[in-house]
Amino acid sequence: MAGLFLCRRIFMTFDERSFLLNRQQQIIDDFRLEILRIDRSLRSKAVSKGWKAFKTAESSVVFTFGIVTFSRYAYRDKQGKVRYPVDEELGLVPFIRYSREVLFDLATLATEMSYRKVALFYSELKHIEITKDTVAKAVKLAAQLYKEKSEYRIAHKSVDNSLRKVKRLYIEGDGVLFKTPVKNHRNLQEISH
């Protein structure tokens, strides 16, 4: 099978992968220009609200089309709180390095496969390198955001939080690594759903 791919690689005149990576870089460059435009348009609104620009801050965020590093203005509002209007406009969660769309993708994929496989799958399809730890953080954050949304929705409704006794309790795990006599790079075998 590997010989077939090698053979196809030799006779190919058009390299889809490099074309896709070039297109991905163009999208990232266009997105940086869009961020500059958003930053300029939000600057006048922030100043009219009485906010004071005090620095520019750089951030790297994983979006569905790639990792984007960009600079934007930081402001202090009238109460002294630091605000990043560009981040708010893009829907970025403070101190989180990936967009909500990536968060949704990773959390959805993690319901179907192990965190390691999600990271491999995402890097193969999107050409964005992430780790299993990133997937775990994304799943945890998605659960937290969903809980906050649920709490907000039912804030004024009475909810019965008492414990219930159940006949059966099903617990699902992500994936389990076992040491096996099978010779691979570490004598480890992963079992997952």
field: Residue, farthest from Phe63 (Cα to Cα), within the range 119-148, restricted to residues that are outside any helix (DSSP H, G or I) and open to solvent by 20 Å² or more (accessible area, probe 1.4 Å)
entry: Thr131
message: Considering only residues that are under 26 Å from the mean Cα position of the chain (by Cα) and at pLDDT 80 or above, which ones fall in the range 147-185?
response: Lys147
- line: Counted residues in the range 10-21 being in a helix (DSSP H, G or I) and surrounded by 11 or more Cβ atoms within 10 Å (Cβ to Cβ) come to 2
- request: Could you please let me know if Phe31 is assigned to a helix (DSSP H, G or I), of a type outside the set (S, T, N, Q) and at pLDDT 90 or above?
  value: yes
statement: Taking the range 91-132 and keeping residues under 18 Å from Arg72 (Cβ atoms), hydrophobic (A, V, I, L, M, F, W, C) and touching a residue at least 40 places away in the same chain (Cβ under 8 Å) leaves Val93, Ile96
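What number of residues within the range 97-118 are surrounded by fewer than 18 Cβ atoms within 10 Å (Cβ to Cβ), among the hydrophobic types (A, V, I, L, M, F, W, C) and out of contact with any strand residue (DSSP E or B) (no Cβ under 8 Å at 6 or more places or on another chain)? First the steps, then the outcome.
Narrowing the range 97-118 to residues surrounded by fewer than 18 Cβ atoms within 10 Å (Cβ to Cβ): 97, 100-101, 104, 108, 111-113, 116.
If we keep only those that are among the hydrophobic types (A, V, I, L, M, F, W, C) too, we end up with 104, 113.
So of that shortlist, the ones also out of contact with any strand residue (DSSP E or B) (no Cβ under 8 Å at 6 or more places or on another chain) come out as 104.
So the answer is 1.
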query: Within the range 81-96, which residues are surrounded by 13 or more Cβ atoms within 10 Å (Cβ to Cβ) and of a type in the set (Asp, Glu)?
result: Asp87, Glu89
- prompt: Do we have any residue at all in the range 74-90 that's out of contact with any strand residue (DSSP E or B) (no Cβ under 9 Å at 6 or more places or on another chain) and assigned to a helix (DSSP H, G or I)?
  reply: yes
- request: Filter the range 42-55 down to residues that are under 16 Å from Leu90 (Cβ atoms) and open to solvent by 30 Å² or more (accessible area, probe 1.4 Å), then give me how many there are.
  value: 2
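The values are calculated or read from the model by the stated rules, or taken from the named source; none is laboratory data. Computed from a predicted model, the values in this text were never measured in an experiment. Note: ideal-geometry Cβ built from the backbone for every residue, glycine included; neighbour counts use all protein chains shown. The protein model used for the area step is the full one, side chains on, heavy atoms only, and it has no ligands, DNA or RNA in it. Shrake-Rupley method; radii C 1.70, N 1.55, O 1.52, S 1.80 Å.
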